[in-house]
Structures are given as structure tokens and as C-alpha cells.
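Engineer: To start, I am sharing the structure in question, which I have written as C-alpha cells.
Every number here is computed from the coordinates shown, using simple stated rules; none is lab data. Fair warning: this is a prediction, and the values are worked out from it, not measured in the lab. Because the Cβ atoms are built from the backbone with ideal geometry, glycine has one as well, and the counts that use them run over all protein chains shown.
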Amino acid sequence: MNIEIAKYSGYCFGVKRALDITERTLKKYKNNNVKIYSLGQIIHNKGVVDKLSKKGLIIAADEAEITPGSVFIVRSHGVGPEILKRLKAKNIKIVNATCPFVKNAQSKAKMLSKKGYYLVIIGSKNHPEVIGIRDHIKSKKSVMVIEDEKDIDVLRKNNRIGIVVQTTSTIEKFQLIVSKILEKGNEILIENTICDTTKKRQNSTKELSKKVDVMIIVGGKNSANTAHLAEISKKYNPRTYYIENYKDLNLDWVKGGKNIGISGGASTPQEDIFNVKKLIEEI
Ligand code: SF4
């Protein structure tokens with residue numbers, strides 16, 4: 001049995017950077033009795049989040065839980081400027097681990113809005129990155145999130161429309177939605193804010209899924225980019241299985257297969273990918 005791991009797979013630059021910043025911050029304040037918070041999971045991977053919680057990171061479900069005098073780590077998904085203002089006013093120190101690609105999407109959105117374009121953000125309405133981008137736009141009347149084709153019906157005709165896209169979206173979805181928005185405006189300015197890492201991961205997963213008998217996608221079920229990898233792989237290989245870690249692997253899935261492919265999302269530790277490979281090798 002040949003087992004191949006997708007060329008671009010596992011932790012991306014933005015996630016690695018956010019985790020390094022978090023580890024350094026936890027170390028720095030370890031003996032100072034200072035509480036350290038993130039708003040929601042620092043990355044979409046339960047195993048990693050549990051480890052960081054043991055080291056002292058507090059996962060707040062709501063901004064109100066973050067206490068004065070504490071430290072707040074902005075995760076790679078970013079947040080809107082108003083939250084930061086409110087937290088600073090409560091004497092909370094901000095450590096910003098927003099991924100530079102997400103910052104780029106935020107700046108492009110702000111720039112388009114300032115220039116008078118009605119802003120469309122293509123992405124998942126409830127994803128923290130999309131909420132953070134939208135929160136950079138002052139007038140909520142001049143921005144809309146489009147999650148799927150159905151939402152386009154609600155988009156009113158506008159003279160000028162500016163478009164940005166969630167960094168982890170698939171290029172296919174982006175193209176499809178953009179093509180439908182074209183009928184809705186006269187002047188349309190499109191900023192492709194899908195990050196390089198995402199493009200590379202999606203392409204290498206696509207290529208691998210085409211040539212193997214079975215594909216295993218490893219990563220958090222709440223990770224948007226991992227879910228997209230599974231979606232892409234399934235399109236080219238019906239024997240695609242999406243698991244959180246090696247414990248979810250059913251060895252019957254790979255039986256009879258000669259070539260097995262494995263890929264992991266941007267928030268999947270390399271260790272989780274290797275553990276899956278090891279388990280298959282032992283058959
Ligand atoms: S997937 Fe892209 S945008 Fe998201 S954290 Fe990684 S590098 Fe940054």
C-alpha cells in the first residue's frame with residue numbers, strides 16, 4: 001500500500017504564527033497571575049486548544065467575560081476595531097495574532113467601502129473572520145455577506161459593488177458567486193483575498209485525490225478550510241473520508257486500496273496527519 005501526504009498540508013503560516021505568539025504570551029505572563037484570554041478557540045482544532053487551555057489560556061465565549069487587567073490574544077481570524085477599542089478601555093492588553101492575509105482582506109474591504117463601493121463579502125456568515133471583516137465597515141447598510149447563490153437574490157442592484165472573499169474560500173465558489181453578482185452592478189471591483197496557503201492546499205489536495213483510491217482528510221470539523229479540502233477531494237474522489245484525528249479512522253475504508261492519500265487543513269498539526277499515516281501503515 002502506498003501512502004502519500006498532500007504536498008501542502010497541515011499548519012499554515014498564519015496558524016503557526018498565532019500559536020507561536022500564544023505560547024510566547026503564556027510563557028511571558030506565566031508567573032504574573034495575569035489572565036490570558038482568546039475569544040473563541042484560538043484555532044479550530046480541539047486537541048491543540050485543550051493543550052493551550054492546560055497551559056493557562058482561557059477561551060471566552062463572550063467579550064464580557066474578559067476581565068480588566070488581563071491580556072487578550074486576537075486569534076488568526078481577526079476581530080473588528082470596535083471590540084479592541086472596548087477592551088482597551090477596560091485596561092486589557094491586546095496581543096494581535098491576526099494573520100497578515102486576514103489583515104489584507106480587512107484593509108481591502110475598508111478601502112472599497114471608503115471609495116464608495118457597496119461591499120460584498122463572500123464567505124460564511126457566522127465565521128469569525130467574516131464577522132471581523134464586516135465589523136471593519138462603519139455603515140452596516142453598505143455591506144452584505146453572501147454565503148451562497150441564494151443570497152444573491154437579496155442583493156439589490158448597485159451602481160458600484162466591491163467584492164472581497166473569505167481567505168479560505170474555494171476558488172470555484174468565488175468564481176461562481178462573482179459571475180452571478182456581475183448582473184447586479186455597473187462598476188464591479190473584485191479583490192481576490194483568498195490566501196496563497198489556501199490555494200496551495202486546495203490544489204495539492206485536488207491533485208492527490210485524483211490519483212489515489214482513498215483520501216483521508218484530517219482536521220477539526222469546525223475548520224472552514226479543512227471542510228473545503230474535504231469538499232474538493234470528494235468531488236474528485238468519492239472515497240473521501242473527513243476525520244478529526246486518527247481515533248476516527250475506520251480501517252475498513254482503506255481496505256482494498258493500493259494508493260491512499262492524506263491531507264490536513266491549515267489548523268491540523270503535522271502530528272495528527274502522521275498518526276493517521278502510521279495507523280494505516282500498520283494494517
Ligand atoms: S489559512 Fe491563510 S488566512 Fe488563514 S491563517 Fe492560514 S495563512 Fe492565514
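Engineer: Looking at the chain as a GNM with Cα springs under 10 Å, which of ALA97, ALA61, ALA230 has the largest mean-square fluctuation?
Structural biologist: ALA61
Engineer: Moving on. I'd like the per residue volume of the convex hull spanned by the Cα atoms of segment 13-99, given in cubic angstrom.
Structural biologist: 81
Engineer: Could you give the nm distance between label points at LEU251 and ASN31, where each point is 7 Å from its Cα heading toward the beta carbon?
Structural biologist: Output for this residue pair reads 4.8 nm.
Engineer: Let me ask something else about it. Highest GNM mean-square fluctuation, the chain, Cα pairs closer than 10 Å: which of LEU57, LEU176, LEU249?
Structural biologist: LEU176
Engineer: Ratio of alpha-carbon Rg to the 2.2 N^0.38 Å globular estimate for segment 101-190, to two decimals, please.
Structural biologist: Rg over 2.2 N^0.38 Å, computed on Cα atoms: 0.96.
Engineer: Which order do ILE83, ILE273 fall in if you start with the one that has the fewest other Cβ atoms within 10 Å?
Structural biologist: Neighbour counts put them in this order, fewest first: ILE83, ILE273.
Engineer: Using a simple spin-label model with points 7 Å from Cα along the Cα→Cβ vector, what separation in nm is obtained for LEU189 and GLU207?
Structural biologist: Placing both labels 7 Å beyond Cα along the Cβ direction yields 3.5 nm.
Engineer: Could I ask something else about it? Semi-axes of the equivalent ellipsoid of segment 200-257: what are they in whole Å, largest first, if each equals the square root of 5 times a C-alpha gyration tensor eigenvalue?
Structural biologist: 17, 16, 8
Engineer: Residue by residue through segment 250-256, which ³J(HN,Hα) values in whole Hz follow from phi under the Karplus form 6.51 cos²θ - 1.76 cosθ + 1.60 (θ = phi - 60°), with glycine and proline marked x?
Structural biologist: Result, rounded to whole Hz: 9, 5, 4, 4, 9, 4, x.
Engineer: On full extension of the chain, what length is gained from ILE283 through LYS85, given 0.36 nm per residue of separation minus the C-alpha to C-alpha distance?
Structural biologist: 65.8 nm
Engineer: Quick one: among ASN159, ASN225, ASN237, which has the greatest mean-square fluctuation in a GNM of the chain with alpha-carbon springs under 10 angstrom?
Structural biologist: ASN159
Engineer: Can I ask one more? Going by how many other beta carbons lie within 10 Å of each one, how would you line up MET144, MET1, fewest first?
Structural biologist: Ranked by crowding around the Cβ, least crowded first: MET1, MET144.
Engineer: Now for a different question. Sort the chain into rounded, prolate or oblate with this rule: let a ≥ b ≥ c be the square roots of the eigenvalues of the Cα gyration tensor; rounded if a/c is under 1.5, and if a/c is not under 1.5, prolate when a/b is larger than b/c, oblate otherwise. Intermediate results must be reported in sequence, preceding the final value.
Structural biologist: On the way: a/c = 2.67, a/b = 1.14, b/c = 2.33.
The shape class here is oblate.
Engineer: Still on this model: Quickly estimate the mean residue ellipticity at 222 nm for the chain, helices only: each DSSP H run with n ≥ 4 gives -39500 (n - 2.57), and the total goes over all residues, rounded to 500. If you can, show how the numbers build up before the last one.
Structural biologist: On the way: 10 runs with 112 residues, N = 283.
One gets -12000 deg cm²/dmol as the mean residue ellipticity at 222 nm.
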